[in-house]
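Okay, structure first, notes after.
The values are calculated or read from the model by the stated rules, or taken from the named source; none is laboratory data. Not measured: the values here are computed from a predicted model. With ideal geometry, Cβ positions are generated from the backbone for all residues, glycine too; neighbour counts draw on all protein chains shown.
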Amino acid sequence: MRTGAGAGHEGYYHEAVPYRSDEELLAVVLPFLLGGVSAGEPTVVALGERTATLVRAALPAGSGVTFLPGGDLYARPAVAIRSYQRMLAGYLAEGARQIRIVGEVPPAALGVTWDWWARYESAINHAYDSFPLWSMCAYDTRITPSAVLRDVLRTHPRVVTADGRRPSETYTEPKAYLSEERSPVPDPLQRTPPLVELVDPSPTQARQAIHQVDSGLLPTDELEDLVVAVSEVVTNALRHGRPPVRFRLWVGADRVVVAVSDEGGGPTDPFAGLLPTADGGAGGLGLWITYQSCNHVALHRGQGAFTLRLTAGNPHFTD
Amino acid sequence: MINPRAVVPYGHVCWSYDDPAAFERRARRFLADGLAAGERVWYVAPGPPEPVVERLAGLVGFTEALRRGAALVPGLDSTYPGGVIEPVEQVRRFTAATEEALAAGYTGLRVVADVTPLVRTPAQLRAFARYEHAIDRYMRLRPLAGMCGYHRAALGDRTIAELACLHPVSNVPDVLFRLYACHPGDGAAALAGELDTLNHEMFATALEHADLSPVGGELVMRAGDLRFIDHNCLTRLHDYAGVRDATAVLRTPWTAAARLVELLGLSGVRVEAAR
């Protein structure tokens, strides 16, 4: 039997916690955690360092709550989904009736890379729905931009604050939310002429372009992962998109940015990139690998083209 | 007794041609190198030998080499008997010919063969491709060198590519990867170049043709010159090793392979860092 607010619910019980103060965070989270422990449910904290310290200090010694480093878990959305699904499956295999998690994306994720985290928050309503999970996603309203908060309310079916628990009036089903066009913040590098521009490149030529601009800016692993991602994206564009395929590459002081466009409509699967396509078809696995391999991936449909923008290095640019 | 570590010349070249005269020019250089190195040389060609002998008369030393038995112009049918080649038997023939050359005091045997007529049908191609890898393994160990000529216009790009990728060296520009023999002590085979979604089917075909044998439950691929491998090709390798009840061990400097294997949960592939 599930306990607490998740009692009687099937699948994923997903709540947002927009908190105005540390006291409010604790007021919501502590009963959630202690209730989970006392019910014998796996109870997990995946917060950033500051808030995790705050919560840990407020819990009794030896509380039984598991603390995970939130920064690692929330490095990339597709990585987070994969890690969580694996963890949840493990708890389920051990006989858990409900799993409780409180987590938060890092503050940097509330900036120019928020678009893929908004997609994450929406997609997990589906991705975790096969698990008896009750999770709280904490957002500090003192540092969260209002546009982000609007997305939070649209991607979480429920909201809980110190004042109580309520359904989110603007909640939007994942398939509808994820099908909306969401323009990513343009990277300032994109306002400059690309260092490399190719039309209908073969995957080999695209891979070579990455190697040719390598000046040691990226660590070897990150460079190779970008090569993997570029290869997948160009292959998908050639196979599933409409020509011409346009490849542009910029190199900044702390990042490499690649944009690959074609004149098709892009993937039809709303969960594209965040989850592997079940049958492995239509480039779904390749896009999922791309999401695992880059520090930011932005999807954009506009001006008759579908564009994927990949960033290696530091994706948190400022204008 | 074959010493797997013996240092022997290793030359197995695939030469695709559109213009027979261009092939012959390259063949002449290949043969001239062999004669200079004290090898016995063969120029295997379809049809009667006389026109070939006449054309090669201009190659310095060739006529004299023919006279003393250092050069031969055997027929294609007698060198590769049967409409569809039998790989093991064919390797045995070249083993005997190589040992005979050595016994006669030559440093090895070098063969140029335009084998276009031997790969015209799918059955011929399958058999000959298997032979190509089998003879490649022998060439790694003993002083046999070969230049395999294929007429592109007669065979088509796909057939040429299927054969070229089984050679350590070829002149075929669009073949991005190579699967060829390495010293048995180093692994089941060597893998070089780039393997991606556009050539994963050809990779699977090459693996089938190579018919690699695991040792101690491992199928070690020496991939020091592998520059890229994608998830499709890793999955192909995983499946191929699985059918052979083996774990594929990919020794490569391309570290992303290890992350892809982990990501895809390919339990039948292990990636080891190699330089």
>> With the requirement that a residue be within 15 Å of the chain's Cα centre (by Cα) and closer than 14 Å to A:TYR19 by Cα, what does segment A:108-146 give you?
In response: A:CYS137, A:ALA138, A:TYR139
> Given the conditions (1) among the acidic types (Asp, Glu); (2) touching a helix residue (DSSP H, G or I) at 6+ places or on another chain (Cβ under 6 Å); (3) within 14 Å of chain B (Cβ to nearest Cβ), which single one is not true for A:ASP151?
Replying inline: (3)
> From the residues in segment A:39-79 that are among the small types (Gly, Ala, Ser) and within 14 Å of chain B (Cβ to nearest Cβ), which one is farthest from A:TRP288 (Cα to Cα)?
Replying inline: A:ALA75
> Any chance segment A:223-230 includes a residue that's at positive phi, surrounded by 13 or more Cβ atoms within 10 Å (Cβ to Cβ) and within 14 Å of another protein chain (Cβ to nearest Cβ)?
Replying inline: no
> Within the bounds of segment A:171-191, is there any residue that is surrounded by fewer than 13 Cβ atoms within 10 Å (Cβ to Cβ) and either on the phi > 0 side of the Ramachandran plot or touching a helix residue (DSSP H, G or I) at 6+ places or on another chain (Cβ under 7 Å) (or both)?
Replying inline: no
> Which residues, taken from segment A:208-226, are touching a residue at least 40 places away in the same chain (Cβ under 8 Å) and either among the polar types (S, T, N, Q) or under 10 Å from A:ALA312 (Cβ atoms) (or both)?
Replying inline: A:ILE210, A:LEU217, A:LEU218, A:GLU222, A:LEU223, A:ASP225, A:LEU226
>> I'd like the residue in segment A:49-82 that is small (Gly, Ala, Ser), under 19 Å from the mean Cα position of the chain (by Cα) and modelled with pLDDT under 95 and, out of all such residues, is surrounded by the most Cβ atoms within 10 Å (Cβ to Cβ).
In response: A:GLY70
> Limited to segment B:92-115, what total is found for residues that are part of a helix (DSSP H, G or I) and crowded, with 20+ Cβ neighbours inside 10 Å?
Replying inline: 3
>> Just to be sure before I move on: is A:ASP269 over 21 Å from the mean Cα position of the chain (by Cα) and either more than 14 Å from chain B (Cβ to nearest Cβ) or surrounded by fewer than 20 Cβ atoms within 10 Å (Cβ to Cβ) (or both) in the structure I sent?
In response: no
> Has segment B:26-33 got at least one residue that is loosely packed, with under 14 Cβ neighbours inside 10 Å, outside any loop (DSSP other than H, G, I, E, B) and modelled with pLDDT of 95 or more?
Replying inline: no
>> If the requirement is being within 13 Å of chain A (Cβ to nearest Cβ), within 28 Å of B:LEU155 (Cα to Cα) and either buried (at least 19 other Cβ atoms within 10 Å of the Cβ) or among the aromatic types (Phe, Trp, Tyr) (or both), which of these qualifies: B:LEU195, B:LEU191?
In response: B:LEU195
>> Given the condition closer than 30 Å to A:SER122 by Cβ, modelled with pLDDT of 95 or more, within 14 Å of chain B (Cβ to nearest Cβ) and not in a helix (DSSP H, G or I), answer yes or no: does some residue in segment A:243-258 qualify?
In response: yes
> Across segment A:203-217, which residue is farthest from the other protein chains (Cβ to nearest Cβ) among those that are buried (at least 20 other Cβ atoms within 10 Å of the Cβ) and aliphatic (A, V, I, L, M)?
Replying inline: A:ALA209
>> Test of understanding: among B:THR235, B:THR205, which residue is assigned to a helix (DSSP H, G or I), in contact (Cβ under 8 Å) with a residue 40 or more places away in the chain and either under 30 Å from A:VAL233 (Cβ atoms) or within 14 Å of chain A (Cβ to nearest Cβ) (or both)?
In response: B:THR205
> Is it the case that A:VAL228 is farther than 26 Å from A:ALA176 by Cβ, assigned to a helix (DSSP H, G or I), out of contact with any strand residue (DSSP E or B) (no Cβ under 7 Å at 6 or more places or on another chain) and β-branched (Val, Ile, Thr)?
Replying inline: yes
> Tell me, which helices (runs of 4 or more DSSP H) wholly within segment A:50-167 include 1 or more residues that are without any contact (Cβ under 8 Å) to a residue 12 or more places away in the chain?
Replying inline: A:70-73, A:77-93, A:146-155
> Has segment A:20-29 got at least one residue that is surrounded by 14 or more Cβ atoms within 10 Å (Cβ to Cβ) and of a type in the set (Asp, Glu)?
Replying inline: yes
> For B:ALA36, which of the numbered conditions (1) closer than 18 Å to B:HIS12 by Cα; (2) surrounded by 12 or more Cβ atoms within 10 Å (Cβ to Cβ) fails to hold?
Replying inline: (2)
> Which pairs have Cβ atoms under 6 Å, sit 6 or more apart or on different chains, and link a residue in segment A:177-194 that is modelled with pLDDT of 95 or more to one that is surrounded by 14 or more Cβ atoms within 10 Å (Cβ to Cβ) and hydroxyl-bearing (Ser, Thr, Tyr)?
Replying inline: A:TYR177/A:SER122; A:LEU178/A:SER122
>> When you check B:PHE177 against the structure, is it within 14 Å of chain A (Cβ to nearest Cβ) and among the aromatic types (Phe, Trp, Tyr), yes or no?
In response: yes
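For (1) surrounded by fewer than 21 Cβ atoms within 10 Å (Cβ to Cβ); (2) over 16 Å from B:LEU166 (Cβ atoms); (3) at pLDDT below 95, each residue gets a yes or a no:
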| residue | (1), (2), (3) |
| --- | --- |
| B:ALA210 | no, no, no |
| B:GLY216 | yes, yes, no |
| B:LEU219 | no, yes, no |
| B:PHE228 | no, yes, no |
| B:ALA246 | yes, yes, no |
>> Being more than 23 Å from the chain's Cα centre (by Cα), buried (at least 19 other Cβ atoms within 10 Å of the Cβ), hydrophobic (A, V, I, L, M, F, W, C) and within 14 Å of chain B (Cβ to nearest Cβ) is the requirement here; does A:LEU238 meet it?
In response: yes
